[in-house]
Structures are given as C-alpha cells and as structure tokens.
Amino acid sequence: MNDMTVQYSGKVLAFTPEDPREAQIPSDELHEHLQDPSTARTSRLKSRCRWKHASGGEFVEKGVQAGIERMRLITEAHKASVGKPEVIRRALMLSNFLTNTTLVVQEDEFIVGYHAEDPNMFPLYPELSYMAVLDYLKTDYAPQPAAEAADIVAYWKPHSLQAKCERYFDPVDLRRGYQVSTMEGPAFASGYNSIVPPYETVLEDGLLARIKLAESHIQEARAEMGAFPWNADAGLKWLDKVDNWEAMVIACKAVVAWARRHARLCKIVAERFESDPKRQAELLEIADICQRIPAEPCIGLKDAVQAKWFTFLLAHALERYASGYAQKEDSLLWPYYQASLAEGSQQPMTHQQVVELIEMERLKISEHGAGKSRAYREIFPGSNDLFIATLGGTNGDGSDACNDMTDAILEATKRIRTAEPSLVFRYSKKSRAKTLRWVFECIRDGLGYPSIKHDEIGTQQMLEYAKYSKTGNGATPEEAHYWVNVLCMSPGLAGRRKTQKTRSEGGSSIFPAKLLEISLNNGYDWSYADMQMGPETGYATDFKTFDELWEAFRKQYQYTIALAIRCKDVSRSQEIKYLQMPFVSALDDGCMELGIDANELSEQPNGWHNPITTIVAGNSLVAIKKLVFDEKKYTMTQLVDALKVNWEGHEEMRQDFKNAPKWGNDDPEADDLIVRFYEEIIGGEMSKNTNYSGGPVLPVGQAVGLYMEVGSRTGPTPDGRLGGEAADDGGISPYMGTDKKGPTAVLRSVAKVQKNQKANLLNQRLSVPIMRSKHGFDIWHAYMDTWHDLNIDHVQFNVVSTEEMKAAQREPEKHHDLIVRVSGYSARFVDIPTYGQNTIIARQEQDFSAADLEFLNVDL
Amino acid sequence: MATCNQCEFFNPIPSDADDYAAGKGDCVTEKRDEKGKYWLSRPVDEHASTCSNFHKQ
C-alpha cells in the first residue's frame, strides 16, 4: 500500500493504483503479474521461446551455438567464382547459401524462416572480421566440425574486410583503436553494422517485378553500348552497372526460390507429420503465402508480415550481418492492415488476430541470435542484439501518422512482454490520445520503451542532412517525415530509397571520460591500456590555467574523432569493393535506377557518431575548474596524485569533488560549462569532419552497455567517481543518482544544449506509484508536452521500484518478467550482471513535487 | 548400399520448382528437444548414400 500524497493546486493528491486489484499484489513482484498474451498459442510460444540473450559475454540459455552452414556455403561459392566480377561473386555466395541451407519450421509458429540450420544456432561472418570468428572457435559455441571452421577462417583471413582495411593504417593508430579505450574498435575489426532495409519495395512490388526491372535495365544498357558512335567515357560506365543489375537478378531469383522451399517444407509437414486438421490447414496457408511472397506484391497483413520477416533475415543476417530492426512498422503495415480488415478481403483478419500476429513477430525476434564478437556481446548485457522499430510521428503531409496498426503493435507489446524488439515512438503534439494511452501503458508497465523521440526535430535533421547530398537528391520535405531510428538513437530515412545501408553512417563511439583521463597525463592511458593513446599534450600538473586543460582535451578529442571517422570511411571504401549487397541493392529504387551497389550509392548523408561517457567528463571539468582553478582549494598535483591511487587516503578530497555541482539540476555552475563542452567540443569539433556521404559528422550521444564496459576501463575521474565504476548511462543523462532536484530540473538542464546536436539519449526513472495511479497518464502527458516544448530530442523511462529489483537480485528465478531499460535497449533484469543491475538501482527515482507539477502545468 | 531416395524422409522436388534439378530432393525430418518440435529440410541427391537418419520407406 502506498501512502504518498502531494498537495497541489488546492488538492491533496493520493497515488493509489488506478486498478484497485493491484493493491493486493506485493510491490516487489508487480512485474510478474503484468503479462497477458492474447491467445493460448502466444502464451505457449513465449514459454518455449529459444532466447538468445547474452550476459557477461556468455549466452544465458544452454545449447546456443554457432552454425557452420553459412560459413561453409559462402566459402564454397567464393572459391568457385574466382575470376568473376566481385559483385557477381557476392550474389553467387548468397545464392549458394539460400539454395543449399537447411530450413527450419517450428511447432505453433505462423511466421516462418530462420537464419541458421537449427533454431538453437546463429550464423557467423568470416568475410567480415577474422578476429570475431576466431573468438568463437575458442569457446563452447564453436561451429562444428571445429577443424572445418578453423580452415574456413584461415581461408578468409586475407580476403576479409578486416585484412583489406588494416593495411591503410599506421600500426600505432590501429593498436590504439583496438584497445576500445578512447574509441569503439573499428567496424572492420568487429564486423558490427547497421542498415535500414527498403522493405517497402518488397511488400509493394514483389521481387519478380524487381527482377524484371533489372533485366530491362540490362537490355537498355546493352542497347546504349551498341549505339553509334561509340563513346568510351559514356559507354564504359555501363559495365559496372550491368554487373550490378545481373547480381541483383541472381540474388532476387535465389530469394524467391528460398521462400518457395519454405512453402514446400510447410506442405510436407502438413501432409506427412501433422495430425491436427486445424494446424494442417494453417501450414497449407503458410505454404500458400511463401509460394506467392516475396515474389509477388502482398495482398494482406499475413503476407506483409511474412515478407517483412524474410527481408529482415536477408538484410540483417544472410547477405551480411547488420544489427537493428529499423522500420516505420505501423506505416509500413497500415495498407495491409486495412486490406485485411476490409469487407471481402482476400486475407481477412480481425484486430485481435493482428495483435496475436505481432506478438508472434516479437517472439521471432527474441529467438534471433546474432553472431557478434564477444566484445559486442559484453557491451549489450542482458540483450540479444539491438532490435528497434519506430512508430507514430507524422505523415509526409504533416498529419498524424498514428493508426490502428500502431495501436495493435503497442497492445501486442504490452501483452506479450518481451525485452525485444524495442520500440521508438515519435512524439508529436498531433499524436492521437488513444495511441498515446497505449504508449503510456507500455512505459508504466516497466518495459522501458517505447523510447520517445521528438517528431519535428527528427524531421528537421533529415532536411539538414539532405543539404549535403552529393547527388543533390537528399530527402524532400515530404520524405523527411518518413524517418526511423537506425539503432538506439540515430535517426535515418526509411522507405523505398535513400536509406542508410552501412554503419559508415550513424554509429560507432568515442569516449570523452577516458579522453579527459589521458588529457591529464600527456595522452597516456595509465589505468587500462598502459600505452600512449593520443598526441602528447602535456601533463596537467604543468597547466597554469583551466584553458590549457580545455585545449589539451580538444587536441585529444580531435585526434580520436578523426581516427574513428577515418576507420568508418575506410571500411566503407572496402565494402564497396568486396562486400556488395546485390539483394539490398535490388530493393533500393536509387540503386536499381542507377545500377549502383547499396554500399556505394549515398543520396542522403546520415553521419552520426556516438560520444559515450560525456557527462563524467563534463562533471569532472566542472569540479576541476571550481576546486583547482577558481577556489584553489586543491592543486592539480594533489588531484593527479589522488587519482593515481584511486582516491585512497583522500576520501575527504574525493567527497569535495563528488559534491561539486553536477549536471541535471538546473544549476548554472555546472550547466554553463557543460553546455559549452557539448556545443564547442563534442559537437563543434566532431562536425568539422566530413564523412563519405559528404555531410558533417554529428553527435548522437548514447550509452548502450558501453557505459559499463568503458566505465570499467576508465580510471578514477575528478567528478569523485572511483576507477572502474560505471560511467553515465546516456548521451545527456545525468550521472546516476546525481539529479536530485526533480524531473523538471533535469529537463531544464538538458534543454540548454541546442547547438549542433539534437540526438542525445536521456534516461529517466519515474516513480512507480505515481505512474500507476489514476493521475499517472495526465502527469506523464504533461511532462511529455513540456519536454516537447523545451525542444529536447529524446527521453526514455524506467518505471520499476528499487524494492522489486532488489527482490530479483535475491531470488532471480522468481523474476523472469522484470524488464528494465539499460540504455538504448531493454533487458530482463535477471539477465544483467550484478554490476549492471546496480547501475539501474542507483539511478534517481524521480517523484513529482508540487513545484514539478506546477512547472508542467498539469491539470489534475 | 541404401540411398536417399529409398528413405521415408526423401521428397523429390517438383519439376516446376525454381530449384528443380534431376534427382534432387528435400530431406525433411522432425526433431524434438526440451523447447518443442521442429522440422528441418535440407537438399539432398537421390543417389547420395544415407545418413544416420535413414528410415526405409
């Protein structure tokens, strides 16, 4: 029973549960009572879900293992295609895999298709990073036979993206990049990637139409080349285009045949294995769907969800690995929802059947394992991979984009209660109340998502980047409304054309807290890598002014950000030569029209990069300025000496630094300097870099699990933090537990950062009793409107009590449905290592005082 | 020696299928583990020597 009350506007507000039945549920097990799968089938599917989550780098469920088929089949094709154009080889690799791989269909499922030869397996990618695959060979997850896998890795080592890129770097720079100390390791060494597949062309056109289009382009090209008079400049340009179109045809034909293999499998299972007439009929229905799509356009929602799933597998796991689940899911599926719910539909469904279908889609994603390197399993503790779909926002004409499909997705999400896929909701003042209520229901049930992005800011960002389009064909004002989150935070276009295809655009990270640490020590990382990590910029003990430290940091940041962006662009240059994606290219209207591979064609720049641990660095600078340079309470020598011994024997001094003003309290003493830090250094210096796509690189500050991983690698810092403690958990989030002036003070601080960056992650933890009371929705809604008016880009919420998290630490076996927001993703609390769990418990749980409610001007 | 086309799990690929080839078939088997049942399909040649799953028609 909660007895919290607040006096506000002449009333006494009590925060008892809106649903009186909740009063009977012990507050330390609330989340175990919230799931409500809509059918017996989805309840069964959830209870037998083959989760692929990792924790501490290890898979949580037993029996999870890497498969060998993808490695084996792409290698066979690579060896057999020597001498052919590289893009054709890539198409043949995909084709050989799709033709010969083992297919999987599971009991009870309606959406079929898997990316490995057994539902407990996941594929590996030796053509990307040999280091990432070698890592698997040393573990129990190694593909079998292990000797064959080792031979395959040895074969790929000289051909891999990693080997192709490494030769362009000074070994000193390379070694610094591989430390994951001041920056995320280069993409060519990790294989980590992201993409926004143009799902729309598959659903709307079907692949047979795309094949026809490519074939007609080849005919046109041949006609042009045969025309008189011959002109070499113009004529030779057709050669690469013809290769690309031919590769698209090979890839799309292989995909159609692969989908139809699924149709045959379902028919055989129905006729030879299944005895239940209802399930037999359903398997024959699935067979009919897989026979028609993705070859043909979709006629209803069942078609659309299956076609979307096949496309996801191909773009994210089979042709190449890419993290993410980027799509404007409600807009994408809305025409098919309408078709299926219309009178006389060829594929009729009810709204509740749509909800069930989306619950099944969410469980498919939960089973989708990613063959990431150990480092990337460690930096997403409790997660499988980053799967994030986007909803809401506005249409191209500015009208509200929320629809009944949006509501079905949100209802399914609340009911089935899985950590993945996460959702982003684009918040607009035009968003309809009915949908906002569903968004709120998911948030207050503690899912940690939808995370909220500002609709207008995202649209403006698309238009801003369009200005730099190298082809002069960036997003139009109408297209700019059709954006999604590519992964956790960076926005990017969705749709038939101009989407992001590789992670030389949004993504990869730089770590300001470690950069501050080395700025105090002449560029040397004494606490982790034990090596020179950047230029020699002097020792802080010799700095006479705060500006000298500021400029030393600037130089370290300049060196590291330039190296990080160079790594991304060198990767891109080699992806263009050796990692073509003919299937994805066939889906993009631009690649199809121009005969250019998806890695190469860039019409819309999207050059984001992630500063992670900015607030530890910012708070540290505030403390140094105040205590060393302004008040002169301590000398720099005293500070450096204390840091070198992790503050041991200097506890009083540590408390002084810890109690210095902190970000997130609307305190000018902290905020003025930190705003300058964000705008002049973090955004200002980053945006001086121009990437492959021709645009400036802009900060998209976030954290993923790196705030823990990098925190553990960062020594003691002048904000009073001990060496190895976690860093700040979001791009612009206050450091855990230091935002003590209430939720609206946090908003006022964050709103001060406006120049050159509007994509920073803000984590907030809200009071469970307030959110679950009858006032919860009105307070949250007023908070969101205020957030929107303050022009803040992002916010996401944990609504979970300390009591329940501590109960889960004591008895994890009783808390499998407790989900928390870690940073750009959510996870089951019990799957997160204790170190990470404690960072979530330590976050400030925000109540709403009368002053907060007045600031929000909430009508209660 | 027994061959795949003598096995219960061998299903010849229809001649109008995109991936049709003479003698090629789908080997469809049922598996079960603690999470439930599932079915696998892998392409085989009718003349291939049999595997440990062989089950005479």
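Pairwise alpha-carbon distances in region A:104-216 exceed 16 Å for 73% of all pairs. Between the beta carbons of residue A:395 and residue A:778, assuming R0 = 30 Å, the FRET efficiency works out to 0.65 to the nearest 0.05. Residue by residue along B:25-37, Cβ atoms of other protein chains within 10 Å of the local Cβ number 5 on average.
Computed over chain A, the per-residue total of -39500 (n - 2.57) for DSSP H runs of n ≥ 4 gives a 222 nm mean residue ellipticity of -13500 deg cm²/dmol, rounded to 500. Short to long, the 5 Å bins of the Cα pair-distance histogram for region A:1-155 hold 1, 7, 12, 13, 12, 10, 8, 7, 6, 5, 5, 5, 4, 3, 1, 0, 0 percent of all pairs.
Mean separation of Cα pairs under 8 Å and 6 or more residues apart, divided by the residue count, gives region A:207-296 a relative contact order of 36 percent. Which whole-number percent is the relative contact order of chain A (Cα, under 8 Å, 6+ apart)? About 16 percent, as a whole number. Straight-line cross-link partners of residue A:514 among the aspartates and glutamates, defined as a Cα under 14 Å from its Cα and at least 8 positions apart when in the same chain: A:184, A:525, A:530, A:709, A:719, A:725, A:728. Kindly provide log₁₀ I(q)/I(0) values, in the same order as q = 0.16 Å⁻¹, from the Debye equation applied to equal alpha-carbon scatterers of region B:4-45. So the normalised log intensities are -0.46. How big is the gap, in Å, between the Cα center of region A:722-773 and the Cα center of region B:1-55? Their Cα centres are 57 Å away from one another. Here region A:694-753 yields Rg over Rh of 1.04, to two decimals, using C-alpha coordinates and the Kirkwood radius. Pairs of Lys residues in region A:291-428 that lie 8 or more places apart, or on two chains, and have C-alpha atoms under 22 angstrom apart add up to 10. Apply the membrane-span-like helix rule to chain A: whole DSSP H runs, Cα extent along the own long axis of at least 30 Å, mean Kyte-Doolittle hydropathy at least -0.5. List the helices found. Sorted by number, the helices that extend far enough and score high enough are A:237-272.
What the Cβ-Cβ distance of residue A:281 and residue B:34 gives, at R0 = 35 Å and to the nearest 0.05, is a FRET efficiency of 0.80. Total lysine pairs in region A:207-296 at Cα distances under 27 Å, for residues eight or more apart or on different chains: 7. For residue A:633, the lysines whose Cα comes closer than 24 Å to its Cα, not counting residues fewer than 8 places off in the same chain, are A:544, A:625, A:644, A:658, A:662.
Take the Cβ atoms of residue A:163 and residue A:471, set R0 to 30 Å, and the FRET efficiency comes out at 0.45.
Here the 3J(HN,Hα) profile of region A:689-705, calculated from phi with Karplus coefficients 6.51, -1.76 and 1.60 at θ = phi - 60°, is 8, 10, 9, 3, 7, x, x, x, 8, 10, x, 10, x, 8, 7, 5, x Hz, Gly and Pro shown as x.
The distance from the alpha carbon centre of region A:572-647 to that of region A:508-566 is 15 Å, rounded to a whole number. Trypsin sites (Lys or Arg not before Pro) within region A:576-680: which are DSSP loop residues with at most 14 other Cβ atoms inside 10 Å? Passing both the DSSP loop test and the Cβ count: A:632, A:633.
Let me check I've understood the local charge: for residue A:135, count other residues with C-beta under 13 angstrom from its C-beta, Lys and Arg +1, Asp and Glu -1. What total comes out? Result for the local shell: +1. Normalised size of region A:207-296, defined as Cα radius of gyration per 2.2 N^0.38 Å with N residues, equals 1.69.
Max-minus-min Cα coordinates of region A:487-609 on each principal axis give 60, 26, 21 Å, with the largest extent listed first. Taking trypsin sites (Lys or Arg not before Pro) across region A:1-79, the ones in a DSSP loop with at most 10 further Cβ atoms lying within 10 angstrom of their Cβ are A:62. Based on every Cα atom in region A:167-219, Rg and the maximum pairwise Cα distance Dmax equal 20.2, 52 Å. As a proxy for reagent exposure, A:652, A:224 were ordered by neighbouring Cβ count within 10 angstrom, fewest first; the result is A:652, A:224.
Based on the alpha-carbon gyration tensor of region A:609-733 and its eigenvalue square roots a ≥ b ≥ c, which shape applies: rounded if a/c is under 1.5, prolate if not and a/b is larger than b/c, or oblate? Note, shape of region A:609-733 comes out prolate. Counted by Cβ distance under 11 Å from residue A:794, the other residues give a net charge of +2, where Lys and Arg count +1 and Asp and Glu count -1. Run a plain Debye calculation on region A:81-134 (Cα atoms as equal point scatterers, no solvent) and give log10 I(q)/I(0) at q = 0.14 Å⁻¹, rounded to two decimals, same order as the q list. Taking Cα atoms of region A:81-134 as identical point scatterers yields -0.54. Here the protein assembly as shown has an Rg and Dmax of 27.7, 91 Å, counting Cα atoms alone. What separates the Cα centres of region A:50-65 and region A:388-440 is a distance of 30 Å. This ranking places A:201, A:541 by how few other beta-carbon atoms lie within 10 Å of each, fewest first, which gives A:541, A:201. For region A:266-365, the fraction of C-alpha pairs more than 15 angstrom apart is 67%.
Each listed q (0.12, 0.15, 0.20 Å⁻¹) maps to a log10 I(q)/I(0) for region A:389-540 from the Debye sum over equal C-alpha point scatterers, namely -0.66, -0.83, -1.12. Length, then width, then depth: along the principal axes, the Cα atoms of region A:316-361 run 41, 18, 17 Å.
A simple spin-label model places the labels of residue A:345 and residue A:21 2.9 nm from each other, with each point 7 Å out along Cα-to-Cβ.
Shown here for region A:486-547: trypsin sites (Lys or Arg not before Pro) in loop regions (DSSP other than H, G, I, E, B) with at most 16 other Cβ atoms within 10 Å, namely A:544.
Taken together, the values in this text are just the output of simple stated rules run on the coordinates, not laboratory data. Here the structure is a predicted model, which means the values were calculated and not measured. With ideal geometry, Cβ positions are generated from the backbone for all residues, glycine too; neighbour counts draw on all protein chains shown.
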